[in-house]
Amino acid sequence: MNTIAYGEEDIATLRARIALANKFAWIVVSGLTAICYRERGEKALNEIWSALLSSEQKVRFQAALVKLGIQNDPPALAAAKYHYFSNSIGGLNMQLIEETPKKVWIRYLSPWGTYPGIAALTVPTSVRRTILSTWHPRNGGLLGCPRLGWVATKFVAEGHPYDEGYFQEYDHDLAPEERFRVEHVERSPEFDPDKAPRLDPAIWPEARWLKGSYSYGVDYVQHTIEIMHRLFGAPAARDLVATGMRLLAVQFGPDLAKASGEEGASPAAIAASFAAILRAFRNKCSLDAAQADRIVLRIRGFQPFAHAADDGLREAVFALFAMMTRLRNGHVAITRHFDAGSQTETWTLSDEKRWLW
């Protein structure tokens, strides 16, 4: 299958576009949550991840059971398969071991999608406990099975090789406070890839899998910013976004330029690089080289920041592109104009023929 339902793209083009989109989306999620940790502390980081997982659960769980074809599985197996499949589609490295139909293990292997590289060492242990205690214990209620509980057995942040736990269907109903517990288990079942569940390739061809991966990343970016607004208020959220974006540009700008396929330092090359990143999210971009050494980039749509309706938040996001421009060529100026009526961004890049900084 060489096309995807929301547009005609050959599979190679689709792979490349979504690889760029996912790279950018997860850098943004990591950066924004990390800057909140730096500026607001451990409590705020836990609040963000708790809210993130709750919002994702409301959006995804029930419909996904049907899409994944697991709605009729035993509750423990359905819950485990949901996390196994949905996170695998999102790019995580997962394992599932069915010990019995009523006791099913899942593992989240490294590397983490968020906090790549050595940054993972800075994440408080409380955050991993928050992540594994927010969504998983609610599965029983969502599945209509009050006997289903979640037991977390290992945490990478606490020195284990992976995050791990199991869903257990008990012989009695559980009170809400009984649906989650931590029980360290030194030895747990071995994963056998030959016995791992698989999605039907006729229903889940590569194009659909890629689309799911793309939606996974976009949703996390949007919900992260929405939660920052809700927790900290619009002015503070804009400041945090702008700060995070500048630092992401410094740390990841060269990598993003390389991934975009446009690493040059001219206004045209820089603008083309930005257009490639924005087009990876299916935003409409046009480039107008009206004059030598001056190019205008017009953008319709603002994914993965679809809810960035106010100009202040758009300006905060623009801080990433402004900093990337400065680092790529200190002679190039970049300005932006936002037309609220047409929801169009206009970015102008020009070579000023002098050092600007």
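The values are calculated or read from the model by the stated rules, or taken from the named source; none is laboratory data. In this text, all values refer to a predicted model and were calculated from it rather than measured experimentally. Note that each Cβ is placed from the backbone with ideal geometry, even for glycine, and that neighbours are counted across all protein chains shown. Each accessible area value is taken on the protein alone, full model and side chains, heavy atoms only, with ligands, DNA and RNA left out. Shrake-Rupley method; radii C 1.70, N 1.55, O 1.52, S 1.80 Å.
Open to solvent by less than 60 Å² (accessible area, probe 1.4 Å), within 12 Å of L143 (Cβ to Cβ) and of a type in the set (V, I, T), is that true of I35?
Spelling it out, it is not the case that I35 is open to solvent by less than 60 Å² (accessible area, probe 1.4 Å), within 12 Å of L143 (Cβ to Cβ) and of a type in the set (V, I, T).
Given the conditions (1) in contact with a His (Cβ under 9 Å, 6 or more places away or on another chain); (2) in a strand (DSSP E or B), and given that Q222 satisfies all but one, which numbered condition is not satisfied?
Against the list (1) in contact with a His (Cβ under 9 Å, 6 or more places away or on another chain); (2) in a strand (DSSP E or B), Q222 comes up short only on (2).
Among L65, L132, which is the only one that is buried (at least 16 other Cβ atoms within 10 Å of the Cβ), under 21 Å from the mean Cα position of the chain (by Cα) and over 25 Å from P189 (Cα atoms)?
Every option except L65 fails the conditions.
Tally up the residues in segment 176-206 that are surrounded by 14 or more Cβ atoms within 10 Å (Cβ to Cβ) and farther than 17 Å from E164 by Cα, please.
5
In the list G113, G144, which residue meets the criterion of being in a loop (DSSP other than H, G, I, E, B) and out of contact with any helix residue (DSSP H, G or I) (no Cβ under 7 Å at 6 or more places or on another chain)?
Exactly one residue qualifies, and that residue is G144.
Looking at (1) exposed (fewer than 15 other Cβ atoms within 10 Å of the Cβ); (2) at pLDDT 90 or above; (3) under 15 Å from H160 (Cβ atoms); (4) among the hydroxyl-bearing types (S, T, Y), which is the one condition that is false for T100?
The number of the failed condition is (3).
Among the residues of segment 116-133, write down those that are out of contact with any helix residue (DSSP H, G or I) (no Cβ under 6 Å at 6 or more places or on another chain) and of a type in the set (D, E, K, R).
Scanning segment 116-133 gives a single hit, R129.
Among all residue pairs at least 6 apart or on different chains, which show Cβ distances below 6 Å where the first residue, located in segment 329-357, is in contact (Cβ under 8 Å) with a residue 60 or more places away in the chain and charged (D, E, K, R) and the second is open to solvent by 60 Å² or more (accessible area, probe 1.4 Å) and part of a loop (DSSP other than H, G, I, E, B)?
Pairs found: D351/D293; D351/H331.
Determine whether segment 73-89 contains at least one residue that is more than 17 Å from the chain's Cα centre (by Cα), closer than 19 Å to I203 by Cβ, open to solvent by 60 Å² or more (accessible area, probe 1.4 Å) and without any contact (Cβ under 8 Å) to a residue 40 or more places away in the chain. Give the steps one after another, and end with the answer.
Of segment 73-89, the ones more than 17 Å from the chain's Cα centre (by Cα) are 73-82.
Subset that is closer than 19 Å to I203 by Cβ: 73, 77-78, 81-82.
Still in the list and also open to solvent by 60 Å² or more (accessible area, probe 1.4 Å): none.
Within segment 73-89 (the criterion being more than 17 Å from the chain's Cα centre (by Cα), closer than 19 Å to I203 by Cβ, open to solvent by 60 Å² or more (accessible area, probe 1.4 Å) and without any contact (Cβ under 8 Å) to a residue 40 or more places away in the chain), the answer is no, since none of the residues qualifies.
Given the structure, is M245 in contact with a Cys (Cβ under 8 Å, 6 or more places away or on another chain) and in contact (Cβ under 8 Å) with a residue 12 or more places away in the chain?
On the way: in contact with a Cys (Cβ under 8 Å, 6 or more places away or on another chain): no; in contact (Cβ under 8 Å) with a residue 12 or more places away in the chain: yes.
So M245 does not fit the description; no.
Identify all residues within segment 141-154 that are in contact with a Phe, Trp or Tyr (Cβ under 9 Å, 6 or more places away or on another chain) and either modelled with pLDDT of 95 or more or basic (K, R) (or both); write none if there are none.
Matches in segment 141-154: R147, L148, G149, W150, V151, A152, T153, K154.
Please count how many residues of segment 302-357 are on the phi < 0 side of the Ramachandran plot, modelled with pLDDT of 95 or more and of a type in the set (K, R).
Residues meeting the conditions: 4.
Looking at (1) open to solvent by 70 Å² or more (accessible area, probe 1.4 Å); (2) outside any helix (DSSP H, G or I), find the lone condition where Y166 falls short.
Exception for Y166: condition (1).
Inspect segment 166-176 for any residue being farther than 18 Å from A76 by Cα and touching a residue at least 60 places away in the same chain (Cβ under 8 Å) and give the result as yes or no.
For segment 166-176, residues farther than 18 Å from A76 by Cα and touching a residue at least 60 places away in the same chain (Cβ under 8 Å): absent.
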